[in-house]
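The values are calculated or read from the model by the stated rules, or taken from the named source; none is laboratory data. Keep in mind that what you see is a predicted model, and the values were worked out from it rather than measured. Virtual Cβ from ideal backbone geometry, glycine too; neighbours counted across all protein chains shown. Areas reflect the complete protein model, heavy atoms only, side chains present, ligands, DNA and RNA absent. Shrake-Rupley method; radii C 1.70, N 1.55, O 1.52, S 1.80 Å.
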Amino acid sequence: VDEKRFQASPIVICGASGTGKTVLLSQLLQAYPARTETSFGALTPFDYGVLYAPLNQELSLSLVLRSLAQQAGLVFLAHESDANLLYRLRQLLESNPIVMLLDGARDAETARRLMVVNLEISPVMITTNYPDVAQELAKSNEFIVEMKGFTAEDAALYYRRVYQQKATVHKQKHMDEL
């Protein structure tokens with residue numbers, strides 16, 4: 001996909017629950033090196049140049065917006081209006097390139113309201129279970145990635161890889177403790 005066109009539209013990953021959409025987003029997050037260093041603990045997604053919003057949980061738009069503002073380092077008061085916070089977040093991100101991940105969009109309007117970045121400089125990736133939401137959010141079908149469900153063989157292979165790896169890590173930790 002041409003880079004100019006890519007930057008003008010969100011990429012929407014669509015598929016049934018359990019097809020790996022969120023796993024794909026977490027892999028993307030891990031692909032970005034931290035752009036800042038901190039001396040006091042864990043880095044946030046924003047330290048990697050990423051803003052992450054879980055839309056698939058039962059969180060109000062206000063709570064998700066405050067989470068994004070907090071990730072971006074904005075200081076805000078509990079009684080600050082959503083509109084003002086949204087405005088300040090957009091101002092902050094207007095010229096700061098960042099990757100925005102919106103996970104589990106249930107409706108296009110909410111996802112659009114939370115796209116607080118400048119699409120010309122900041123890619124947005126959205127996951128959804130709903131093809132109609134994907135169609136509304138993407139400028140065209142070329143910006144929709146459809147995640148197919150696992151075949152029984154693929155599911156068995158995935159299960160063995162994930163759980164054998166976890167068992168190996170657990171076994172190694174136990175051996176280290178001895």
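On the given criteria, is residue 147 under 19 Å from residue 17 (Cα atoms), touching a Lys or Arg at 6+ places or on another chain (Cβ under 6 Å) and surrounded by 16 or more Cβ atoms within 10 Å (Cβ to Cβ)? Explain how you work it out, then say what you get.
Working: under 19 Å from residue 17 (Cα atoms): yes; touching a Lys or Arg at 6+ places or on another chain (Cβ under 6 Å): yes; surrounded by 16 or more Cβ atoms within 10 Å (Cβ to Cβ): yes.
Taking the combined requirement at face value, the residue satisfies it.
Looking at segment 9-28, can you tell me whether even one residue there is modelled with pLDDT under 70 and closer than 13 Å to residue 142 by Cα?
no
Are any residues in segment 73-97 closer than 18 Å to residue 111 by Cα, hydrophobic (A, V, I, L, M, F, W, C) and modelled with pLDDT under 90, and if so, which ones?
If the condition is that a residue be closer than 18 Å to residue 111 by Cα, hydrophobic (A, V, I, L, M, F, W, C) and modelled with pLDDT under 90, then 93 is the only one that fits.
Pick from segment 111-131 the residues that are touching a Lys or Arg at 6+ places or on another chain (Cβ under 8 Å) and either without any contact (Cβ under 8 Å) to a residue 24 or more places away in the chain or open to solvent by less than 10 Å² (accessible area, probe 1.4 Å) (or both): which of them is nearest to residue 84 (Cα to Cα)?
So the residue we want is 116.
Scan segment 106-133 for residues that are in a helix (DSSP H, G or I) and closer than 21 Å to residue 65 by Cα and jot them down. Working first, answer last.
Just the residues of segment 106-133 that are in a helix (DSSP H, G or I), to begin with: 108-114, 131-133.
Those that are in a helix (DSSP H, G or I) and closer than 21 Å to residue 65 by Cα: 108, 109, 110, 111, 112, 113, 114, 133.
Considering only segment 36-52, I want to know if a residue exists there that is at pLDDT 80 or above, among the hydrophobic types (A, V, I, L, M, F, W, C), in a loop (DSSP other than H, G, I, E, B) and open to solvent by less than 60 Å² (accessible area, probe 1.4 Å).
No.
Looking at 134, 83, 108, which is the one that is small (Gly, Ala, Ser) and surrounded by fewer than 18 Cβ atoms within 10 Å (Cβ to Cβ)?
Numbers: 134 fails: surrounded by fewer than 18 Cβ atoms within 10 Å (Cβ to Cβ); 108 fails: surrounded by fewer than 18 Cβ atoms within 10 Å (Cβ to Cβ).
One residue alone meets the criteria, 83.
Those residues that are buried (at least 19 other Cβ atoms within 10 Å of the Cβ) and assigned to a helix (DSSP H, G or I), I need them from segment 86-105; list them, please.
89, 93 - these are the residues of segment 86-105 that are buried (at least 19 other Cβ atoms within 10 Å of the Cβ) and assigned to a helix (DSSP H, G or I).
Just name the residue that is nearest to residue 117 (Cα to Cα) out of those in segment 58-72 that are modelled with pLDDT under 90 and surrounded by 17 or more Cβ atoms within 10 Å (Cβ to Cβ).
It comes out as 72.
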